[in-house]
Each structure stands twice: as structure tokens, then as C-alpha cells.
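To start, the structure under review is shown below, and the notes come after it.
The values are calculated or read from the model by the stated rules, or taken from the named source; none is laboratory data. The structure presented is a predicted model; accordingly, all values stated were derived computationally and were not measured. When we count neighbours, we look across all protein chains shown, and the Cβ atoms used for this are built from the backbone with ideal geometry, even at glycine. Note: areas computed on protein heavy atoms with side chains; ligands, DNA, RNA excluded. Shrake-Rupley method; radii C 1.70, N 1.55, O 1.52, S 1.80 Å.
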Amino acid sequence: IVTLLLDALQHSLRAQRQLATIDGLTGLLNSRSFRLQAGSLLQRAAKHQTSVALAYLDLDGFKAVNDSRGHSAGDDILRGVAAQLGRCARAGDLVARMGGDEFALLRVGSDPAGAEQGFGELHQQLNALAKRHGWPIGFSLGVAVFAQAPARINAAISAADELMYRVKSSGKNRIEIETISLASPDCAPASDC
């Protein structure tokens, strides 16, 4: 009986751990888990002096889909976009649903030219997916490329998010890629820079 109870408890703990890290709708990392795992990834990238790119993606016109077609249609779109992001991710990439209709993809070892090619292809594939399914949406994508890994993931997310909003305010459904420098002598890995 004790063995059965311990097995049931371990199974329950594994299930709870997964619920705490995975977005229930898309199967991607949730925002909290993404931030935790990205912090470790950035530390390793900084140690090895490896560049990183962070893409922040927002679905254009998604609210109108939910309003006109219902939330189940919106959920289908979110799952489809998540699946496409998963297919485009390389080994070692982190992909997450950050909330609502926003997603993030963190890629280590991506310089500006590689980011432009890789995320350009992703944007084309997402638009092809939307066209194939008749989804009336677009994809605004901000990509922050860092020659040196930033000390904190929140600073990287803010930079990529700002680029994404720049896209949204200037026509939507396109990509803006920028090389960002967050290096500061006062910005140690343990600080909140």
C-alpha cells in the first residue's frame, strides 16, 4: 500500500510540475518557465561569449478572430502557431507562449545575418500557414540580436517587445531586427539590469 501511495504521489508531483511549466493550450513553455530557463541559457551563452537572438511575436488581428469566430477558433490558431514555432525551432531553442497571442523564441548562436534569414523564413512559414487555413491574421515580429548575451532575460524581452510594437505601429505583419547592446559595467549577472 505504501509503495502504491508513493507511486501515486510521485505521479501527481510530476503532473503538477508539468502544469507549472507548460502552457496548457499550446504545449509550449509558459512565460514563467521560459524566463527561468532563458536565464540559465543566457548565463551559458555569456560564459562562452556566444551571440543570442530573441524574437517576440504578436498575432495581428487575433482579437477580431475571437470576436467574430469564437474562442475555439482562436484556440485553434494559437495551437497551430505554436506547432509551427515548434517545427521551426532548432535544438537548444526555447519557445514559449508568453500570454494571450504573444510568443517568444530564444536562439543561441544567431548573428544578425542568421537571425534575418531564420526569422524571415519563420515569418514566411507562419503567413503560409495562415493562408492555408484561411486565418485572417498576420504576424508582427520583433527580433533583438545580442552579440553578447544580456545579463537578464527581462532586458532582452523588453528590447524584443519594443521592436515588435514598432512593427505593429508601422503597418503590422512584418519583421524588425535590430542588434542591441545591453552591456554595461554596472550590469552584473545577479543584478536586475
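A few points about this structure:
- If you go through the stretch 116-148 and keep only what is of a type outside the set (A, V, I, L, M, F, W, C) and assigned to a loop (DSSP other than H, G, I, E, B), you end up with Gly134, Pro136, Gln148.
- All positions within the stretch 108-117 that are touching a helix residue (DSSP H, G or I) at 6+ places or on another chain (Cβ under 9 Å) and open to solvent by less than 20 Å² (accessible area, probe 1.4 Å): Ser110
- Neighbours by Cβ (under 9 Å, 6+ apart or cross-chain): first from the stretch 12-39, over 18 Å from Arg107 (Cα atoms); second modelled with pLDDT under 95 and of a type in the set (A, V, I, L, M, F, W, C): Thr21/Leu36
- The lone exception for Ala151 - which of (1) outside any helix (DSSP H, G or I); (2) out of contact with any His (no Cβ under 8 Å at 6 or more places or on another chain); (3) at pLDDT 95 or above it fails: (3)
Okay, residues lined up against (1) in contact (Cβ under 8 Å) with a residue 12 or more places away in the chain; (2) within 19 Å of Leu36 (Cα to Cα):
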residue	(1), (2)
Ala91	no, yes
Leu129	yes, no
Ala149	yes, yes
Gly171	no, no
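This table checks each residue for (1) assigned to a strand (DSSP E or B); (2) over 17 Å from the mean Cα position of the chain (by Cα); (3) at pLDDT 90 or above.
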{"position": "Leu6", "(1), (2), (3)": "no, yes, no"}
{"position": "Arg32", "(1), (2), (3)": "no, no, yes"}
{"position": "Gly39", "(1), (2), (3)": "no, no, yes"}
{"position": "Leu42", "(1), (2), (3)": "no, no, yes"}
{"position": "Thr50", "(1), (2), (3)": "no, yes, yes"}
{"position": "Ala53", "(1), (2), (3)": "yes, no, yes"}
{"position": "Arg79", "(1), (2), (3)": "no, no, yes"}
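- Residue within the stretch 169-192 that is within 23 Å of Asn66 (Cα to Cα) and open to solvent by less than 60 Å² (accessible area, probe 1.4 Å) present: no
The rows are residues; the columns are (1) under 24 Å from Ala147 (Cβ atoms); (2) buried (at least 17 other Cβ atoms within 10 Å of the Cβ).
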position: Ser40; (1), (2): yes, no
position: Lys47; (1), (2): yes, no
position: Leu54; (1), (2): yes, yes
position: Ala64; (1), (2): no, no
position: Ala73; (1), (2): no, no
position: Arg79; (1), (2): no, no
position: Leu85; (1), (2): no, yes
position: Arg90; (1), (2): yes, no
position: Asp93; (1), (2): yes, yes
